[in-house]
1. Is one or more of the residues making up the range 109-130 without any contact (Cβ under 8 Å) to a residue 40 or more places away in the chain, open to solvent by less than 20 Å² (accessible area, probe 1.4 Å) and part of a strand (DSSP E or B)?
2. Test Ala184 against the stated conditions and say whether it is more than 25 Å from Glu65 (Cβ to Cβ) and open to solvent by less than 30 Å² (accessible area, probe 1.4 Å).
3. How many residues does the range 49-104 hold that are modelled with pLDDT of 95 or more, open to solvent by 50 Å² or more (accessible area, probe 1.4 Å), over 27 Å from Ser29 (Cβ atoms) and assigned to a helix (DSSP H, G or I)?
4. So which residues in the range 156-203 are farther than 17 Å from Asp73 by Cα, over 17 Å from the mean Cα position of the chain (by Cα) and assigned to a loop (DSSP other than H, G, I, E, B), if there are any at all?
5. Return the pairs, sorted by first residue and then second, in which the second residue is aromatic (Phe, Trp, Tyr) and open to solvent by less than 40 Å² (accessible area, probe 1.4 Å), the first residue lies in the range 179-196 and is over 16 Å from Ala220 (Cα atoms), the beta carbons are less than 9 Å apart, and the residues are 6+ apart or on different chains.
6. Considering only residues that are more than 16 Å from Pro105 (Cα to Cα) and buried (at least 20 other Cβ atoms within 10 Å of the Cβ), which ones fall in the range 155-172?
7. Is it true that Asn27 is assigned to a loop (DSSP other than H, G, I, E, B), free of Cβ contacts under 8 Å to residues at least 40 places away in the same chain and open to solvent by 10 Å² or more (accessible area, probe 1.4 Å)?
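The values are calculated or read from the model by the stated rules, or taken from the named source; none is laboratory data. Predicted, not measured: the structure shown is a model, and the values here were computed from it. As a convention, Cβ positions derive from the backbone with ideal geometry for all residues, glycine included, and neighbour counts pool all protein chains shown. Just the protein is used for accessible areas: all its heavy atoms, side chains included, with ligands, DNA and RNA removed. Shrake-Rupley method; radii C 1.70, N 1.55, O 1.52, S 1.80 Å.
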Amino acid sequence: MQLAIKHLTSPDVLLTVPLGKSILLENVSWQEFDNLLVELGNTRGARVAYDRGLLEIIVPLPEHEYFKGAIADLVQDLAEVLELDYETLGSTTWKRQDLLAGVEPDNCFYFQNEQLISGKLDFDLRRDPPPDLVLEIDVTSKSLNRFPIYARLGVPEIWRYDNGNLEIYQLQDNTYVETNVSLAFPQFPVQQILPFIAEHRTMGKRKMRLAFRDWVREKAKGSKS
């Protein structure tokens, strides 16, 4: 399985991206980036990132999509058990032409700014806040460092899952610093959710989520006592 798209400057030529791989194109204009988004459409398996003329196109592996869904489920379960309002917008394309920055996270969430975007279906980062939290699943090999793109867009927190590790990064002075504390869940030991991600495959999704919710309730009860 592979993705085939028209070459950005030579429409008669097809670019192919194999499953689990990425391609990096140089000297891509903003208009060409926008045209590619239109060509790819909303229902697709590819992810794109754009940074000042560099364009990366990735076709994720099923493994990548699996962990993306598992972690996103646990983030939402965590918010619901803790009774935190949130919004999730999946792999929405976040971009600003004036910053020559565009990126599609594996998933993204609003927590702190949920009230500011509640009910919105159209976003403009010149006036709307960026997501409070994005997920990056590093199972598929990536050539372009996405952190500088997120930094220019002002995303305050990134969770990166890679080879069984969950890393938390916070934006400080326009760069990301690794930390053990989440801005979205400051009172909760977020990295302790990792065993549930591992157990997801053997327990099945429903049982895993029920067990995780019970665990969160016990943790929350313990923190109040």
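1. yes
2. It is false that Ala184 is more than 25 Å from Glu65 (Cβ to Cβ) and open to solvent by less than 30 Å² (accessible area, probe 1.4 Å).
3. Selection size over the range 49-104: 1.
4. Scanning the range 156-203 gives Asp173, Asn174, Asn180, Val181, Pro186, Gln187.
5. Hits for this filter: Thr179/Tyr169; Leu183/Phe111; Leu194/Tyr161; Phe196/Phe212.
6. Across the range 155-172, there are no qualifying residues.
7. Against the criterion (assigned to a loop (DSSP other than H, G, I, E, B), free of Cβ contacts under 8 Å to residues at least 40 places away in the same chain and open to solvent by 10 Å² or more (accessible area, probe 1.4 Å)), Asn27 qualifies.
Conditions (1) touching a Cys at 6+ places or on another chain (Cβ under 6 Å); (2) more than 30 Å from Glu63 (Cβ to Cβ); (3) touching a residue at least 60 places away in the same chain (Cβ under 8 Å); (4) surrounded by fewer than 16 Cβ atoms within 10 Å (Cβ to Cβ), marked per residue:
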residue	(1), (2), (3), (4)
Ile137	no, no, yes, no
Tyr150	no, no, no, no
Asn174	no, yes, no, yes
Val177	no, no, no, yes
